[in-house]
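Everything below concerns the one structure shown next.
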Amino acid sequence: MRKFVLFTFLTLFSVVNAEAQTPPRDSTALYKKRKTIVAVGASTFYVASVSWLYTAWYQGYPLTGFHWKSDVGEWLGMDKLSHFHNSYQNGNYGYWMLRWAGVNRKKAIWFGGSWGLIYATTIEFFDGLSAEWGASYADIIANTTGAAFFISQQLLWNEQRIRSKFSYHPTGFPQYRPDLLGENALENLLKDYNGHTYWLSVNIHSFLPARSKFPAWINIAAGYGATGMIGAYNNPPEYEGEPLPHFDRTQQFYLSADIDWTKIKTGSNVLRFVFKLFSFVKLPFPTLEYNNKDGFVFHPLYF
């Protein structure tokens, strides 16, 4: 759950982006107010959420000197993809917020695009001081890659032609390890990697000639998921003295259609806000899956 706070960071503050990016005629005073809103809001949330994280997750566990811990291979790589996705998405929201506040394009890309990475680095520092965890090189690499993925596209194309997206479906695995995979629907959403899928959604139109009539909002998406996991590295034979069923830990690869919400034209500021807020969501579509257990599997609708 600690790692999913990255996902909500800046998302909560993206409400300030409900208006269009076009500068108002008399913009100096307005942008000054907006910058104050962004600075105070983001700073307050940063301090409050980091304080909450420390109290909720680290307080009560013994502290040690700063140390590293290898967690490569945990959850068949799903944990690292969540780091990548969260860092990317928070950079996206950070950029939008700074542009809304009148910050110039280059500064908004670098500073806004790095906000998720900055926040994630704070959490890694706490991990490194906790005897229960430890800072992770792999987490830092995933966080940095997610931020760089956003920043590089914005610098190169001034848009996100390839978006990191997320989808989730409930599974039956949390019943076997509720302590690890969640005890209710919300915790399942946050903790059960068996139901997560992380996608790279490619906007086809953006790679075609400008004269192309291909719809600008149609994407194609490649996804990765994993299933059969009731432990981080392997599945335990029992839980609280009760035997557990055997599950094959299986990697899953997906190919599907998608929609780029931000390419849908609308005159409504409210709809523009909604489309941007939920731009991270991969919509359900017919999907082709490949896994090393069942081979190719077709899903009429997959989320």
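The values are calculated or read from the model by the stated rules, or taken from the named source; none is laboratory data. Keep in mind it's a predicted model, so treat the numbers as computed, not measured. In this analysis, Cβ positions are derived from the backbone assuming ideal geometry, glycine residues included, and neighbour counts consider all displayed protein chains.
Okay, here's what the table says:
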item	result
Phe275, sole failed condition from (1) free of Cβ contacts under 8 Å to residues at least 60 places away in the same chain; (2) part of a helix (DSSP H, G or I); (3) surrounded by fewer than 17 Cβ atoms within 10 Å (Cβ to Cβ)	(3)
Single condition Pro178 does not satisfy, out of (1) farther than 21 Å from His83 by Cβ; (2) at pLDDT 95 or above	(2)
Qualifying residues in the stretch 236-272 (those that are among the β-branched types (Val, Ile, Thr) and in a loop (DSSP other than H, G, I, E, B)) - the one farthest from Leu181 (Cα to Cα)	Thr266
Selection status of Glu132, acidic (Asp, Glu) and over 27 Å from Asp258 (Cβ atoms)	yes
Of all residues in the stretch 182-196 being modelled with pLDDT of 95 or more, part of a helix (DSSP H, G or I) and not polar (S, T, N, Q), the one that is surrounded by the most Cβ atoms within 10 Å (Cβ to Cβ)	Tyr193
Residue within the stretch 58-73 that is crowded, with 16+ Cβ neighbours inside 10 Å and in contact with a Lys or Arg (Cβ under 8 Å, 6 or more places away or on another chain) present	no
Extreme residue, nearest to Leu76 (Cα to Cα), among residues of the stretch 250-280 that are aliphatic (A, V, I, L, M) and at pLDDT 95 or above	Leu255
Sole residue being of a type outside the set (A, V, I, L, M, F, W, C) and at pLDDT 90 or above, chosen from Ser27, Ser82	Ser82
One residue from Ile141, Ile109 being under 21 Å from Gln154 (Cα atoms), at pLDDT 90 or above and surrounded by fewer than 16 Cβ atoms within 10 Å (Cβ to Cβ)	Ile141
Odd one out for Pro170 among (1) assigned to a helix (DSSP H, G or I); (2) in the same structural domain as Ala222 (by TED's automatic domain parsing); (3) modelled with pLDDT of 95 or more; (4) surrounded by fewer than 20 Cβ atoms within 10 Å (Cβ to Cβ)	(1)
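Here's the yes/no breakdown for (1) in contact (Cβ under 8 Å) with a residue 60 or more places away in the chain; (2) of a type in the set (Val, Ile, Thr); (3) farther than 22 Å from His169 by Cα; (4) touching a strand residue (DSSP E or B) at 6+ places or on another chain (Cβ under 8 Å):
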residue: Tyr198; (1), (2), (3), (4): yes, no, no, yes
residue: Trp217; (1), (2), (3), (4): no, no, yes, yes
residue: Ala226; (1), (2), (3), (4): yes, no, no, yes
residue: Glu238; (1), (2), (3), (4): no, no, yes, no
residue: Ile259; (1), (2), (3), (4): no, yes, no, yes
